[in-house]
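The values are calculated or read from the model by the stated rules, or taken from the named source; none is laboratory data. None of the values given here were measured: they were computed from a predicted structure. In this analysis, Cβ positions are derived from the backbone assuming ideal geometry, glycine residues included, and neighbour counts consider all displayed protein chains. To get the accessible areas, we keep the full protein, side chains included, count just its heavy atoms, and leave off ligands, DNA and RNA. Shrake-Rupley method; radii C 1.70, N 1.55, O 1.52, S 1.80 Å.
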Amino acid sequence: MFYALLTRFISFIVDLLTIYSKSDLDKDLEILALRHQLRLLQRHQQSKLPCSRFEKLLLAVLAVKLKTILERGSNRLDQCLLLFKPETVLKWHRELVRRKWSFYSTRKRGRPPTSPELEVLILRLARENERWGTDRIHGELLKLGFRIGATTIRAILRRHRILPSPQRSANGGSWRKLLRHYKDQILACDFFTVETALLQTVYVLFFIEVGTRRVHLAGCTAHPTSAWVAQQARQCMWSLSERQPQIRFLIHDRDTKFSLSFDAVFSSESVAILLTPFRAPNGQAQT
């Protein structure tokens, strides 16, 4: 009996010291999480209904906020989440983020795709005849009875990284050859996104030197405007102004965030802009 009372007294003292050591934000978050679980328990005893999507969302946001902001987040979740396991609540949050980026289309749009046989024929004509441009290939295909537009032929050649006729016949260059010979003078840039605990999307702009794979983090923002992106480009060029060899090429995709003012920053430094092909999400990965 004495040892049981002593154990309870020591536990009370430890809990009292823990409460005094917590900040106001720490206490408020724990109170909100416990109150929400109490309401869930009371409603479940009355109606026996499962948790709704909104109730899961609220509890998931509180749990991620506790885990992210407070120290020893994992241990704190074990103490605050009494009705559900922390892994279950964090799984709800991951599903919410995944559902945000899931878009399904029930109807296909646009022109019908080009047949693989015709696409192989177009590539063969372009590779075996370096002086043939898009119009010449289009005319030869019409003679053979194929109905295809010149714009489609141009898109196929760009997707397979076949240069236009003057560049093909002049130096026989290709995308792979360009990367191999000028990799130390090529800079690539792109965005990646980070999801916060409150499901807010943060865009991070970065530059990478193709030759050394050195990454330069330019900045992050929730609203990447044209002026902001151009300013990050200026700061990047200032940091690379004394680099040897100097940057001669910049590769980026056709995202509207890369505006004309962004390209003008590099063009003023004699840096050529190389755009990835249309509808080629893996175009940047080839660098």
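Structure values in brief
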{"item": "Qualifying residue in segment 223-231 (condition: out of contact with any strand residue (DSSP E or B) (no Cβ under 8 Å at 6 or more places or on another chain) and surrounded by 17 or more Cβ atoms within 10 Å (Cβ to Cβ))", "result": "yes"}
{"item": "Helices (runs of 4 or more DSSP H) wholly inside segment 37-143 containing at least 1 residues that are aliphatic (A, V, I, L, M) and modelled with pLDDT of 85 or more", "result": "116-128, 134-143"}
{"item": "Residues of segment 211-249 classified as among the aliphatic types (A, V, I, L, M) and farther than 19 Å from residue 267 by Cα, total", "result": "3"}
{"item": "Residue in segment 5-23 that is under 34 Å from the mean Cα position of the chain (by Cα), farther than 30 Å from residue 154 by Cα and either open to solvent by 50 Å² or more (accessible area, probe 1.4 Å) or at pLDDT 65 or above (or both) present", "result": "no"}
{"item": "Subset of segment 136-150 [under 42 Å from the mean Cα position of the chain (by Cα) and open to solvent by 80 Å² or more (accessible area, probe 1.4 Å)]", "result": "136, 147"}
